[in-house]
Amino acid sequence: MFASLKALPADPILGLSIKYRADTNPNKIDLGVGVYKNEAGDTTVLTSVKKAEKFRLENEITKTYIGGTGSSAFNEEMTKLIFGQHHKVLLENRVQTVSTPGGTGALRIAADFIGRCKKGAKIWFSNPTWANHNAVFTAAGLTIEEYPYYDYENKTLDFDAMLNTLKTVSADDFVLLHACCHNPSGMDLSPEQWQQIAQVAKDVGFTPLIDMAYQGFGDGLEEDAYGVRLMADTVNNMILCSSCSKNFGLYRERIGACTVIGESAATTDVALSVVLNVARALYSMPPAHGAAIVETILTSHELRQEWYGELAEMRNRINSNRTVLVDKLIEKGVTRDFSFIANQKGMFSFLGITPEQVQQLQDEYSIYMVGSSRMSIAGIAPSNVDYLAKSIATIL
Ligand code: LMR
């Protein structure tokens, strides 16, 4: 039976980690998968997470099934974190959140949910978008379209083209937007640009699906939620997928959330019933451990403050890495303008070199980044930035 199968290539992002681990060069640098690393290059467990885990270990009283929605305390806390305490969708009971296995689990729930709204529905992605969006939404049988987003030549946002394309989208379609820290480009919408996109969504009537995998990694928890909150204020229907992988460092615990907003409390409840039906067929119930950690942190004043501090530390380190790299490249005599890296947000930026040069960095210098030249900025450290800039200068 299996003899008819053809081997498939490794995932373009996750496959890099395998190659990196096998590389014996002591100078190797991992700018591949989007995982936060400290100055020593380690992805450690946050102290707030450790304390919440200790609390859970001492206080957990059952391992019985958690149910399809997951932990209601987690769902409530996540909803407030994303929308703020007093957003109108909360006051009007038009929002329902379920826990999911990571952000990818949330996206797959959203994709199947969209398929239930309209079989083979069309979903629009930014060009470019996270490589796995394509796989997740294609697996759910949706039709993928693209709107212009990143201007590769000028290293900026192609906003007019984006807006003009979104004006042509059908009211039956769905549009995927990145809440903040656009993956892979690092190019975010300004508040004024969000206002224009939200107005177009309202006028055209398409349904926004916002992917929020990096809340707190751009400008801050509140600032990064600006577009999400505005959109939820403006349109009647919306889906939001969020992740606790990055901001809580819970990567392997697989915890995220899928949120639906309907035009009334009643239609939102119906939407929730469909979400739960989709989840039951896909994985039945979400894992509980990550959700318990997050709800413990968010419901404890002390742990919450500690987490704010740890999140700020991660965000500030990534932001300073951006400037340090740009300055180092200048120091190494590079004349090409890389200042755009310092102005972009979140974990990623495109270096803007060719796939051949990306391969050369990997083969000759053991520097790993995605073939599109997407770099995970968190992999830069004081101990490797000199070697990194020198290597880039050489291949340029
Ligand atoms: C990334 O884009 O590197 C991360 O979101 C990890 C992943 O699953 O691809």
When restricted to THR165, THR156, the only residue out of contact with any strand residue (DSSP E or B) (no Cβ under 7 Å at 6 or more places or on another chain) and on the phi < 0 side of the Ramachandran plot is THR156
Filter pass, THR168 being in contact (Cβ under 8 Å) with a residue 60 or more places away in the chain, open to solvent by 10 Å² or more (accessible area, probe 1.4 Å) and either hydrophobic (A, V, I, L, M, F, W, C) or farther than 28 Å from VAL294 by Cβ (or both)
no
Expected single match for on the phi < 0 side of the Ramachandran plot and not in a loop (DSSP other than H, G, I, E, B) among ALA40, ALA52 is ALA52
Exactly one of THR24, THR43, THR69, THR64 is modelled with pLDDT of 95 or more and either closer than 17 Å to LYS246 by Cα or open to solvent by less than 40 Å² (accessible area, probe 1.4 Å) (or both), and that one is THR43
When the stretch 3-18 is checked residue by residue, the ones that are more than 11 Å from the ligand (Cβ to nearest atom) and among the hydrophobic types (A, V, I, L, M, F, W, C) are ALA3, LEU5, ALA7, LEU8, ALA10, ILE18
Exercise for review: Report yes if VAL235 is of a type in the set (Val, Ile, Thr), in contact with a Lys or Arg (Cβ under 7 Å, 6 or more places away or on another chain) and open to solvent by 10 Å² or more (accessible area, probe 1.4 Å), otherwise no.
Suggested key: yes
Result of the Cβ filter at 8 Å on the stretch 369-391, keeping first residues that are more than 20 Å from THR354 (Cα to Cα) and partners that are polar (S, T, N, Q) and surrounded by 18 or more Cβ atoms within 10 Å (Cβ to Cβ), at least 6 apart or interchain, is ALA378/ASN321; ILE380/ASN321; ALA381/ASN321; VAL385/ASN321
Residue hits (the stretch 19-67; in contact with a helix residue (DSSP H, G or I) (Cβ under 8 Å, 6 or more places away or on another chain) and within 16 Å of the ligand (Cβ to nearest atom)) are LYS19, ILE29, ASP30, LEU31, GLY32, VAL33, GLY34, VAL35, TYR36, LYS37, THR43
Flagged in the stretch 129-150 as open to solvent by 20 Å² or more (accessible area, probe 1.4 Å) and either within 14 Å of the ligand (Cβ to nearest atom) or acidic (Asp, Glu) (or both), in numbering order, are THR129, TRP130, ALA131, ASN132, ASN134, ALA135, GLU145, GLU146
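Could you list all residues from the stretch 20-37 that are within 26 Å of the chain's Cα centre (by Cα) and assigned to a loop (DSSP other than H, G, I, E, B)?
Of everything in the stretch 20-37, those that are within 26 Å of the chain's Cα centre (by Cα) and assigned to a loop (DSSP other than H, G, I, E, B) turn out to be LYS28, LEU31, GLY32, VAL33, GLY34, VAL35, TYR36, LYS37.
Residues are listed down the side, and each one gets a yes or a no for (1) at pLDDT below 95; (2) open to solvent by 10 Å² or more (accessible area, probe 1.4 Å); (3) of a type in the set (A, V, I, L, M):
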site: GLY333; (1), (2), (3): no, yes, no
site: THR354; (1), (2), (3): no, yes, no
site: VAL370; (1), (2), (3): no, yes, yes
site: SER376; (1), (2), (3): no, no, no
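Restricting to the stretch 103-128, and then to whatever is within 12 Å of the ligand (Cβ to nearest atom) and surrounded by fewer than 24 Cβ atoms within 10 Å (Cβ to Cβ), can you tell me which residue is farthest from CYS241 (Cα to Cα)?
Narrowing the stretch 103-128 to residues within 12 Å of the ligand (Cβ to nearest atom): 103-105, 107, 128.
Next cut, surrounded by fewer than 24 Cβ atoms within 10 Å (Cβ to Cβ) only: 104, 128.
On the way: THR104: 8, PRO128: 18 Å.
Filtering first and then ranking leaves PRO128.
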Note on the stretch 123-165: residues among the hydroxyl-bearing types (Ser, Thr, Tyr) and in a helix (DSSP H, G or I) are THR138, THR165
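For the stretch 382-396, which residues satisfy the criterion of being outside any helix (DSSP H, G or I) and surrounded by 18 or more Cβ atoms within 10 Å (Cβ to Cβ)?
At the first step, the residues of the stretch 382-396 found to be outside any helix (DSSP H, G or I) are 382-384, 396.
ASN384 - this is the single residue of the stretch 382-396 that is outside any helix (DSSP H, G or I) and surrounded by 18 or more Cβ atoms within 10 Å (Cβ to Cβ).
Going through the stretch 336-349 one residue at a time, which ones are within 16 Å of the ligand (Cβ to nearest atom) and either open to solvent by 10 Å² or more (accessible area, probe 1.4 Å) or assigned to a helix (DSSP H, G or I) (or both)?
If the condition is that a residue be within 16 Å of the ligand (Cβ to nearest atom) and either open to solvent by 10 Å² or more (accessible area, probe 1.4 Å) or assigned to a helix (DSSP H, G or I) (or both), then LYS345 is the only one that fits.
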Within the stretch 1-19, restricting to residues that are in a loop (DSSP other than H, G, I, E, B) and of a type in the set (D, E, K, R), the one that is most open to solvent (accessible area, probe 1.4 Å) is LYS6
With the first residue restricted to the stretch 7-25 and required to be of a type in the set (Asp, Glu), and the second required to be away from the ligand (no atom under 15 Å from the Cβ) and outside any helix (DSSP H, G or I), Cβ contacts under 7 Å at 6 or more apart or on different chains are ASP23/SER366
Among residues of the stretch 244-280 being away from the ligand (no atom under 16 Å from the Cβ), of a type in the set (D, E, K, R) and in a helix (DSSP H, G or I), the residue surrounded by the fewest Cβ atoms within 10 Å (Cβ to Cβ) is ARG280
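Quick one: in the stretch 356-368, of everything that is buried (at least 21 other Cβ atoms within 10 Å of the Cβ) and touching a residue at least 60 places away in the same chain (Cβ under 8 Å), which residue is farthest from the chain's Cα centre (by Cα)? Steps first, answer last, please.
The first filter runs over the stretch 356-368 and keeps only residues buried (at least 21 other Cβ atoms within 10 Å of the Cβ), leaving 358, 361, 367-368.
Checking the rest, the ones that are also touching a residue at least 60 places away in the same chain (Cβ under 8 Å) come to 367-368.
Working: ILE367: 23, TYR368: 20 Å.
Residue satisfying both the conditions and the ranking: ILE367.
The values are calculated or read from the model by the stated rules, or taken from the named source; none is laboratory data. Every value quoted in this text rests on a predicted model; they were computed, and no experiment measured them. Cβ atoms come from the backbone with ideal geometry, glycine included; neighbour counts cover every protein chain shown. We work out accessible area using only protein heavy atoms, side chains counted, and drop any ligands, DNA or RNA first. Shrake-Rupley method; radii C 1.70, N 1.55, O 1.52, S 1.80 Å.
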